[in-house]
Amino acid sequence: MVWGPLCVSCYDGLSRGGVDEIMLTILFDGVAYGMLLFVLACGLSVTLGLMNFINLAHGAFAMAGGYCTVILVNRYGVPFALGLPLAFLVTALIGGLFERTLYVHVYARPHLDQVLFTIGLVFMSVAAVDYTMGSSQQFVQIPDALTGQINVLGIGMGKYRLLIIAICGLLTIALQLMLTKTRFGSRLRAAVDDQRVARGLGINVGAVFGLTFAFGSGLAGLGGALGAEILGLDPTFPLKYMIYFLIVVTVGGTSSITGPFFASILLGIGDVAGKYYVPKLGAFVIYAIMIVVLIWRPQGLFARATAK
Amino acid sequence: MTSPNPALTGQVSDYLKRRARWTPLEIAFWIFAFATIWLFPSKYLILKDTAILALFALSLDLILGYAGIISLGQAAFFGFAGYFAGLVAKYGFITEPVLALMAAGLVAAALGFVTSFLVLRGSDLTRLMVTLGVSLMLGEVANRYSNITGGADGLQGVDIEPVFGRFRFDLYGHNGYVYCLIVLFICFVVARRVVYSPFGLSLRAVKGNPLRSSAIGIPVKWRLVAIYTFAAGIAGIAGALLTQTTAFCSLDVFSLDRSADLLLVLIIGGTGYLYGGLIGAVIYKFLQDWIANLTPQYWQFWIGLVLVVIVLIGRDRMQAWIATALGALENIGPRTIARPAKLAAPDGK
Amino acid sequence: MPILQTTGLEKRFGGIVATNNVNLSVEKGARHALIGPNGAGKTTFINLLTGVLKPSAGRITLEGKDITDTLPHQRVRLGMARTFQINQLFLDLTPLESVGLVISERLGSGADWWRVVGTKSAVTEQIVEIIERFHLGDVMRDRVAVLPYGKQRLLEIALAFACRPQVLLLDEPAAGVPEAERHELLATIEALPADVTVLLIEHDMDLVFSFADRISVLVNGALFVDGAPEDVAKDPRVKAVYLGEELDA
């Protein structure tokens, strides 16, 4: 069933002598997709690890960032390079606001309540965006310099995807540095490890969480703006992609940044490869990967055994 | 062994038996439910949908309210059995709807058994994701084999024979509703027996304290597998009912929306006392109908708002209000009505 | 022949040796106490005995049968039951339901999904017996969560006892019990039937010395001293360990 199309395309590729090219393109696209997923999902991973809070509305922040950039760039002519950081800022502000006014009340609740609460928020945001912006897919006007491909090592690489890899790569490195080299980073890691002890050490866990939540939402917004071109931006975005973010977080675990990073890359490549080689099964491949991983390692691929 | 105190023995025996007795409120509920057949002849279609939703919600209550398993994947069994029922009718493998219904339930239970091992391990989030993943995967598979399942267009050409050769399902839903209501009642009675049995009691223990449960000799894993399998079967029966009474089945049976709506039904009605799914289904359908009439396009917004508000008020408080209201109506002992069980927080709060 | 025996039992967590080559023998019908300073590994040892933890090395036998690889719930059926240092109760159930549950399980109707709880007279009679023995009659219909601590502690032991074990492992039964409720608890423990072997972990020395006929001392995970109460009480090394004094080579 799966082997049929796989064999056919491999044979095809081999006989045409271009199998390397196809696989490298898939690899490239998969890595770009994966890194985008990572930027989108890492805020969720930290929130879950930090406050044991399941935030299914994370995708809504991504959507907000995307639409923010669409409005700024398309309607007000703001340059694309400015639109991206603005998406980050606006979404971070919204995230911070929501955290202080709404999320704060549900931290101590059981997981089921958190799931229901955030699903409610998703429904509301989806309907609100549908009402204000219409239900059709939105496209960001990308500057001409970023359209088309450049030829690197004989493969055609989309310029936009290259940009994504560059930006996301830099962000990942910056995040890792921030976590390991700054005081805020060590406070954050302490609070993730053991909240009570961290509080006992005088770390203001509430403030750490508020800032982290805002930052994570901002990242999601940035990812949404960057990804509008590739993932498709419409009001159903949070519902469509929520599952992907959750897969990244569940498979990657919540005790590090590297876990979700590798999980995202794995899922990105898996999804692109799956959709190319077995198109009718679509997302089947990543669901299968997720289930297999979770059977093997229920705490995620990279999770440390924690006291929780 | 010392001979037991007869007075105390009598009290204990009475107490335990009274736990399981049908209360007057319950009897009134079901009399009214069946009376709706004659009271609301113009509303058969929506009543039928409510009955199916109620049965579906009951299946989730069994694992969520009684065993503490958070699942977004009951839709997998609903859809699997739904397609099964449609296909056996379409290709004439099983023509008697009641037989097909039972077969569909068994098939869904088998799927439940096979996937139950996935939910035994990991955290709440893992369980959520794995159950959702299975459900979505089945949706993808159904999409892939659209030559059999009809794909995005849905399963066409399903022709359902009259029940027992006599009662045909029609567009007005009369026979359909009676059929669904009877099936709901039968499944409910069975679920009620299960819940008040020693097995049901052990489930509540497992949900409350799995560590102590195994320390008193309960094989926790197998109990969870058993209830998950049973609940899958019930969800399957609900799915088959839908296919049989509408002569149609489509991919959205596997969607996230359906699982999310189910959770909403249960939090409106409350979990852990069996009637939550039924009451929640009625209220949900009412809400849906009412809101859809007001704002047909954006009803999702109001449902979302309802969810947010309910959580902010607190499900505990709401269930306490319901319990007080019920208690005020009933003046027989304090434990005569099965009190809505609180969902224990996973970290033991 | 000892009813419960461990040979070379060891448990390592990474570099830490929590249980160090413990060879313990408990005789049938004994009142055997296990004492030791905090952090000595007493609860870890109980967790190994009951199967909650898997040993890194060594074997455990119950009535001559090797149970090292048996699952926790199966060990209960073989005749070993325990209580927990911090109450592990079913907070949303009532004492009647909790005790009834244990007895149903033991009598084999635990998986029965059709019968209503309480219709078997054998079960009801045994429930009453336990309720009376553990003085839970006046609170038997209340939710466990609202019971006073002393009654909860009694229920904790009642649940383990309802398993009709050959060996009963009590993990600090008197811990945290207020003075007013201690007497009832201690009297109940004293009144346990002679044919049930009891292994007791305790810090309360009065209870230990009045109850036990044999005492083992656990220090840093290893069995330090093992003998009759008089001998252990007089042993200068035991005093040293408890007072933190340096031991002679």
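The values are calculated or read from the model by the stated rules, or taken from the named source; none is laboratory data. Since the structure is predicted, the reported quantities are computational estimates derived from the model, not experimental observations. Cβ placement follows ideal geometry from the backbone for every residue including glycine, while neighbour counts extend to all protein chains displayed. These accessible areas exclude ligands, DNA and RNA; they are computed on the full protein's heavy atoms, side chains included. Shrake-Rupley method; radii C 1.70, N 1.55, O 1.52, S 1.80 Å.
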Under 24 Å, Cα to Cα: Lys pairs in chain C, sequence gap 8 or more or different chains | 10
For the protein assembly as shown, which whole-number percentage of the solvent-accessible area (1.4 Å probe, protein heavy atoms only) is attributable to carbon and sulfur atoms?
-> 63
Which angle from 0 to 90°, rounded to the nearest 10, does the C-alpha axis of helix B:97-116 make with the longest principal axis of chain B?
-> 60
Low-density loop cleavage sites - chymotrypsin sites (Phe, Trp or Tyr not before Pro) in the range B:6-56, where at most 14 other Cβ are within 10 Å (DSSP) | B:22
Summing -39500 (n - 2.57) over every DSSP H run of at least 4 residues in chain B and dividing by its residue count gives a helix-only mean residue ellipticity at 222 nm, to the nearest 500 deg cm²/dmol, of -23500 deg cm²/dmol
Quantify how strongly other chains surround peptide C:98-106 by giving the mean number of their Cβ atoms within 10 Å of each of its Cβ atoms.
-> 5
Excluding residue C:19 itself, calculate the net charge of residues whose Cβ lies under 14 Å from the Cβ of residue C:19, where each Lys or Arg counts +1 and each Asp or Glu counts -1.
-> +4
Once you have a ≥ b ≥ c as the square roots of the Cα gyration tensor eigenvalues for the range C:135-175, tell me rounded if a/c is under 1.5, and otherwise prolate or oblate according to whether a/b is larger than b/c.
-> oblate
Theoretical ellipticity at 222 nm over chain A - DSSP helices of four or more residues, -39500 (n - 2.57) apiece, nearest 500 = -24500 deg cm²/dmol
Could you give the semi-axes, largest first, of the ellipsoid that matches the range A:60-206, computed as the square roots of 5 times the alpha carbon gyration tensor eigenvalues and rounded to whole Å?
-> 34, 25, 14
Compute the long axis of helix A:111-133 from its Cα atoms, compare it with the longest principal axis of the Cα atoms of chain A, and write down the angle in degrees, 0 to 90, nearest 10.
-> 60
Chain C, accessible area per residue, ligands and nucleic acids excluded (1.4 Å, Å²) = 42
Where does the charge balance sit around residue A:294 when Lys and Arg score +1, Asp and Glu -1, over other residues with C-beta under 11 Å from its C-beta?
-> +3
Looking only at the range C:135-172, which residues have a backbone nitrogen under 18 Å from a spot 7 Å from the Cα of residue B:320 in the C-beta direction?
-> C:143-147
Area hidden from solvent between C and B (accessible, protein heavy atoms only, 1.4 Å, total, Å²) | 4000
Convex hull volume of the range A:149-284 per residue (C-alpha atoms, cubic angstrom) = 133
At a 1.4 Å probe radius, which order do A:21, B:161, C:202 fall into by accessible area, largest first?
-> A:21, B:161, C:202
Any residues in the range B:203-218 that have 50 Å² or more less accessible area with all protein chains than in their chain alone, probe 1.4 Å, and which are they?
-> B:209, B:211, B:212, B:215, B:216, B:217
Determine how many Å³ per residue the convex hull of the Cα atoms of the range B:1-122 encloses.
-> 218
Can you tell me the equivalent ellipsoid semi-axes for chain A? Use √(5λ) from the Cα gyration tensor, largest first, whole Å.
-> 32, 24, 19
Helix axis angle, A:237-252 relative to chain A longest principal axis, alpha carbon, degrees | 80
Expressed as a whole number, the average count of other chain Cβ atoms within 10 Å around the Cβ atoms of C:151-162 is 1
Just need log10 I(q)/I(0) for the range B:248-311 at q = 0.21, 0.23 Å⁻¹, Debye formula, equal scatterers on the alpha-carbon atoms, no solvent, rounded to two decimals.
-> -0.93, -1.06
Shape of the range C:165-209 from its Cα gyration tensor (a ≥ b ≥ c, root eigenvalues): rounded if a/c is under 1.5, otherwise prolate when a/b > b/c, or oblate?
-> prolate
How large is Rg over Rh for the protein assembly as shown, taking Rg from the Cα atoms and Rh as the Kirkwood inverse mean of 1/r across Cα pairs?
-> 1.01
How many Cβ atoms of partner chains, on average, are near each residue of C:115-126 if near means within 10 Å of its Cβ?
-> 6
Quick one: how many lysine pairs does chain B have with C-alpha atoms less than 23 Å apart and a gap of 8 or more or different chains? Give me the count, please.
-> 10
Can you list which of the chymotrypsin sites (Phe, Trp or Tyr not before Pro) found in the range A:30-109 are DSSP loop residues with at most 16 other C-beta atoms within 10 Å?
-> A:107
Fraction of beta bridges assigned by DSSP in the protein assembly as shown that are antiparallel (%, nearest 5) | 60
List the accessible area buried at the contact between A and B, summed over both sides and calculated with a 1.4 Å probe, in Å² to the nearest 100.
-> 4100
Dipole size in debye (nearest 20) for the protein assembly as shown around its Cα centre, Lys and Arg Cβ +1, Asp and Glu Cβ -1?
-> 540
Select from A:186, A:74, A:49 the residue farthest towards the positive end of the dipole of chain A; place +1 on Cβ of Lys and Arg, -1 on Cβ of Asp and Glu, and compute about the Cα centre.
-> A:186
Under 1.5 on a/c is rounded, so check that first for the range C:120-205, then, if it is not, pick prolate when a/b is larger than b/c and oblate when it is not; a ≥ b ≥ c are the square roots of the alpha carbon gyration tensor eigenvalues.
-> oblate
Run the numbers on the range B:89-130: which residues show a drop of 30 Å² or more in accessible area, chain on its own versus all protein chains together, using a 1.4 Å probe over heavy atoms?
-> B:118, B:121, B:125, B:126, B:128, B:129, B:130
For chain A, what is the accessible area per residue in Å² when the probe is 1.4 Å?
-> 43
Ordering of B:154-160, A:125-131, B:231-237 by burial proxy (mean other Cβ atoms within 10 Å per residue, highest first) | B:231-237, A:125-131, B:154-160
Bins of 5 Å from zero: percent of alpha-carbon pairs in the range A:220-264 | 5, 21, 24, 23, 18, 8, 1
